[in-house]
Amino acid sequence: MNKDFQGEKIPPIYIVSGGKGLAGDAVVQSVLIQFPNNKVPVIVVPDVLNQERMDDLISKALVTSGIIVHTMVDPEARKMLIESCEKSRVSHFDLVGDLSDYLSKLLNTKPISKPGLYRLSNIAYFQRVEAIDFTLKVDDGQNPEKITQADIVLTGVSRTGKTPLSVYLAMFGWKVANVPIVPGIEPPEGLFNADPGRVFGLNISHVYLIAQRANRVKSLKMDDDADYINTKKVGEELAYARRIFERGGFTEIQITNKPIESSANEILNILTGRFEQDKWKK
């Protein structure tokens with residue numbers, strides 16, 4: 001029966017799972033995207049493992065006229081949910097059962113029936129996404145209160161490649177904060193509150209840094225006489241940065257003429273040598 005819900009509250013779709021509901025949500029969203037400008041509420045209900053949780057869910061579905069889409073991999077839990085839905089006359093759609101039963105017969109074996117395997121198999125992906133999001137939010141001294149939450153902290157003067165190195169490391173799942181060092185400006189407290197074993201000071205040769213900055217000046221059409229590329233001023237900046245490294249007990253990394261990959265490998269080798277594997281990351 002067709003019904004126009006214009007002006008009325010659209011019934012929600014409850015995505016029910018014994019795990020976190022990621023697989024079910026992905027399927028439902030891929031279907032909903034075929035209906036542009038839809039306003040169907042989607043509610044993910046994870047960790048549904050007992051009758052009490054199911055009864056509470058079905059009560060909500062009844063009140064809201066909602067439907068239940070489920071990915072219950074445990075056969076007993078799936079049977080329990082289906083029976084509860086049918087008893088209460090709540091519409092339900094099983095995304096797992098038929099296929100699981102078919103494969104069980106085809107392969108002549110029982111499924112593992114462990115909730116969350118989809119998420120576990122993709123955990124590296126989710127870690128990378130989280131790490132990149134964190135790194136971008138803490139790039140170039142932003143949100144200094146988050147510095148101590150980083151797996152790795154990079155610090156150094158302008159044009160030492162802090163941002164590209166940070167993003168490169170984040171792509172492998174490391175949460176990285178980078179903090180600029182500017183003469184006359186005290187670094188944020190978070191830099192010194194962080195574990196010094198996780199903080200790396202990026203050092204660079206005087207000549208190479210000026211060459212890097214000169215390219216920057218040219219591309220931005222800055223004043224050639226700016227302190228940014230003044231030999232004396234640049235030397236003072238580097239000396240100030242080294243004093244900061246010494247003050248914080250940070251590990252100094254020489255990045256002159258080094259590709260990002262080499263600097264990253266050096267940092268990771270040092271870091272993983274200092275901490276036990278379960279403590280590499282925060």
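Readers should treat all values here as calculations from the given coordinates under stated rules, not as data from a laboratory. None of the values given here were measured: they were computed from a predicted structure. Using ideal geometry, Cβ is built from the backbone for each residue, glycine included, and neighbour counts are taken over all protein chains shown.
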Taking Cα atoms only, helix 260-274 is inclined relative to the longest principal axis of the chain by an angle, in degrees rounded to 10, of 80 degrees
Fewest first, what order do 94, 55 take by the number of other Cβ atoms within 10 Å? 55, 94
Calculated volume of the Cα convex hull per residue in Å³ (choose from (i) 225; (ii) 176; (iii) 137), label: (i)
Quickly estimate the mean residue ellipticity at 222 nm for the chain, helices only: each DSSP H run with n ≥ 4 gives -39500 (n - 2.57), and the total goes over all residues, rounded to 500. -14500 deg cm²/dmol
Listed with the fewest Cβ neighbours within 10 Å leading, 95, 57 appear as 95, 57
If one takes the longest principal axis of the Cα atoms in the chain, at what angle in degrees, from 0 to 90 and to the nearest 10, does the Cα axis of helix 206-220 lie? 60 degrees
Measuring from the longest principal axis of the C-alpha atoms of the chain, the long axis of helix 231-248 (C-alpha) lies at a number of degrees, nearest 10, equal to 60 degrees
Expressed as a percent, the portion of alpha-carbon pairs in region 124-279 spaced more than 24 Å apart is 31 percent
If one builds a Gaussian network model of the chain from Cα atoms under 10 Å apart, the most fluctuating residue listed among 62, 202, 165 is 62
GluC sites (Glu not before Pro), loop per DSSP, at most 14 other Cβ atoms within 10 Å - longest free stretch of the chain: 9-275
